[in-house]
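Inspection log for the structure reproduced underneath, given as structure tokens.
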Amino acid sequence: MAKRTIVAMPGDGIGKVVLDEAIRVLDAVGFDAEYIHGDIGWECWRKEGDPFPARTQKLLEQHKIGLFGAITSKPKDKTEAELAPELKGKGFVYYSPIVSMRQKYDLDICMRPCKTFKGNPLNFIRRGFGGVIEEPIIDTMIFRQNTEGLYGGVEWTNPPDQVYDALMTHKKFKENFAWCPRPDLAVSTRIFTRKYTTRIVKAAFEYAKSKGISTVTVCEKPNVIRETSGMMLKIAQEMAKNDYPGIKVQDTNIDAQMMWLTKNPETYPVIVAGNMFGDIVSDGFAGLIGGLGFACSANIGPEIAVFEPTHGSAPKYAEFNPSIVNPIAMVLSAVMMLQHIGEMELAAKISKAVGELIEEGKVKTYDMMKLAGNPDVFSKGAVTTQQMGDAIISKLK
């Protein structure tokens with residue numbers, strides 16, 4: 001294939017260090033690419049009043065593929081306080097740049113795999129019948145609707161007249177919230193559309209079909225959130241009946257699902273959910289396969305795709321030198337990128353190298369040793385971020 005150009009967006013905190021390791025691994029496996037830096041994140045906000053500047057948007061629009069590290073997002077009161085003095089009071093409003101990116105480019109299909117690596121000391125174990133210790137093999141793909149729902153950004157404090165008047169037309173609002181003074185009222189919406197709900201449900205069914213999986217689980221809360229969760233469940237049921245007769249739909253409530261994922265997680269190979277519940281359940285499942293240090297993801301739209309670990313920027317670790325953080329989630333996100341663009345052989349090589357390294361058990365970052373995240377972890381046998389990258393590369397050779 002022709003040489004690829006990848007927009008590399010390290011973002012904030014540990015984003016840079018883990019992205020550097022992923023690129024080193026990609027180079028080592030023989031992926032022929034040029035990496036163009038894209039500015040994004042908190043420093044862009046502080047200095048420019050825009051955490052997702054137009055120059056980075058243009059790079060994504062041109063090259064279509066991005067690797068993203070992590071961002072720092074802070075509460076509303078701190079966003080204004082940390083702006084450069086000359087920008088304060090100018091009407092700049094902070095929005096999460098990764099959420100803005102997803103919405104701007106219709107990156108509505110979020111895939112979050114949660115897969116057991118043999119030998120990982122952090123794998124989930126349970127006590128079975130007769131006291132036998134069991135370590136279930138988990139291989140779950142979570143499809144999270146990425147652009148709507150509670151993360152849609154349609155919200156108000158002290159809602160304006162038109163919004164408040166509209167809310168007052170709803171019986172439940174009038175009965176239960178009309179007592180509240182408007183300045184003390186905060187409203188966040190949860191919007192599902194049929195178009196994008198259908199797209200994420202169909203993506204889950206297509207994945208299940210490609211893998212020979214017979215069940216898709218809709219993880220929502222239709223018994224309470226009747227309109228939005230109800231829409232997703234109904235679409236899935238109709239799709240199973242009309243288009244995927246060999247695949248059945250089961251539905252779980254998000255609260256019950258969080259209990260069941262520690263009872264029988266291996267029985268949920270494909271899960272589809274809205275934005276917030278997909279975020280919650282994917283982090284829950286990540287805890288069963290080693291934590292966020294192993295949690296990768298893809299954000300896929302009609303033209304553009306961006307791949308990122310699901311961990312945050314971990315600012316408390318960003319200044320550690322050498323770095324202690326686990327880069328595997330970022331490396332696995334790069335694997336998802338390779339799969340997306342058809343480089344299946346290279347993706348398989350990296351996956352195999354990571355799996356062999358973990359199973360061998362000789363090289364572990366601090367989280368894999370269940371240590372507190374302090375600079376003294378190296379004296380206890382933990383490796384640096386760069387040493388973990390070196391170890392993956394050595395397995396490739």
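The values are calculated or read from the model by the stated rules, or taken from the named source; none is laboratory data. The shown structure was predicted, so the numbers you read here are calculated from the model rather than taken from an experiment. Cβ sites come from the backbone with ideal geometry, for glycine too, and all protein chains shown count toward neighbours.
Miscellaneous remarks
- Only one of 362, 397, 352 that is exposed (fewer than 14 other Cβ atoms within 10 Å of the Cβ) and modelled with pLDDT under 95: 397
- The listed residue being part of a helix (DSSP H, G or I) and either in contact with a helix residue (DSSP H, G or I) (Cβ under 8 Å, 6 or more places away or on another chain) or surrounded by fewer than 15 Cβ atoms within 10 Å (Cβ to Cβ) (or both), out of 303, 238: 238
- Taken together, the residues in the range 228-264 that are in contact (Cβ under 8 Å) with a residue 24 or more places away in the chain and farther than 26 Å from residue 291 by Cβ amount to 16.
- Residues of the range 49-79 that are acidic (Asp, Glu) and either at pLDDT below 95 or surrounded by 15 or more Cβ atoms within 10 Å (Cβ to Cβ) (or both): 50, 77.
- Given (1) closer than 18 Å to residue 278 by Cα; (2) of a type in the set (Val, Ile, Thr); (3) surrounded by fewer than 20 Cβ atoms within 10 Å (Cβ to Cβ); (4) touching a Ser or Thr at 6+ places or on another chain (Cβ under 8 Å), index of the condition residue 218 fails: (3)
- Filtered by the rule that a residue be assigned to a loop (DSSP other than H, G, I, E, B) and either polar (S, T, N, Q) or free of Cβ contacts under 8 Å to residues at least 60 places away in the same chain (or both), the range 1-39 gives 2, 3, 32, 38, 39.
- Among the residues making up the range 1-47, those that are surrounded by fewer than 15 Cβ atoms within 10 Å (Cβ to Cβ), within 22 Å of residue 99 (Cβ to Cβ) and of a type outside the set (Lys, Arg) are 37, 43.
- Counting residues in the range 310-323 that are over 26 Å from residue 101 (Cα atoms) and without any contact (Cβ under 8 Å) to a residue 40 or more places away in the chain gives one or more.
- Take the conditions (1) at positive phi; (2) small (Gly, Ala, Ser); (3) in a helix (DSSP H, G or I); residue 342 misses just one of them, which is (3).
- Remark: residue 383 falls outside the filter, which requires a residue to be touching a Ser or Thr at 6+ places or on another chain (Cβ under 8 Å), free of Cβ contacts under 8 Å to residues at least 40 places away in the same chain, on the phi < 0 side of the Ramachandran plot and part of a helix (DSSP H, G or I).
- The residues in the range 40-55 that are touching a strand residue (DSSP E or B) at 6+ places or on another chain (Cβ under 7 Å) and part of a helix (DSSP H, G or I) can be counted, and the count is 0.
- Residues located in the range 208-221, provided they are assigned to a helix (DSSP H, G or I) and either over 13 Å from residue 244 (Cα atoms) or in contact with a strand residue (DSSP E or B) (Cβ under 6 Å, 6 or more places away or on another chain) (or both): 208, 211
- Residue 326 falls short of the stated requirement of being buried (at least 20 other Cβ atoms within 10 Å of the Cβ), under 21 Å from residue 103 (Cβ atoms) and polar (S, T, N, Q).
- Selection status of residue 72, within 30 Å of residue 366 (Cα to Cα) and not in a strand (DSSP E or B): yes
- Per the conditions (1) hydroxyl-bearing (Ser, Thr, Tyr); (2) surrounded by 11 or more Cβ atoms within 10 Å (Cβ to Cβ); (3) closer than 20 Å to residue 140 by Cα; (4) modelled with pLDDT of 95 or more, the sole criterion not satisfied by residue 229 is (3).
- Taken together, 224, 218 contain a single residue that is farther than 17 Å from residue 270 by Cα and out of contact with any Pro (no Cβ under 6 Å at 6 or more places or on another chain), which is 224.
- Filtered residues of the range 8-62 (kept if out of contact with any Asp or Glu (no Cβ under 8 Å at 6 or more places or on another chain) and of a type in the set (Asp, Glu)): 20, 21, 27, 32, 34, 39, 48, 50, 61
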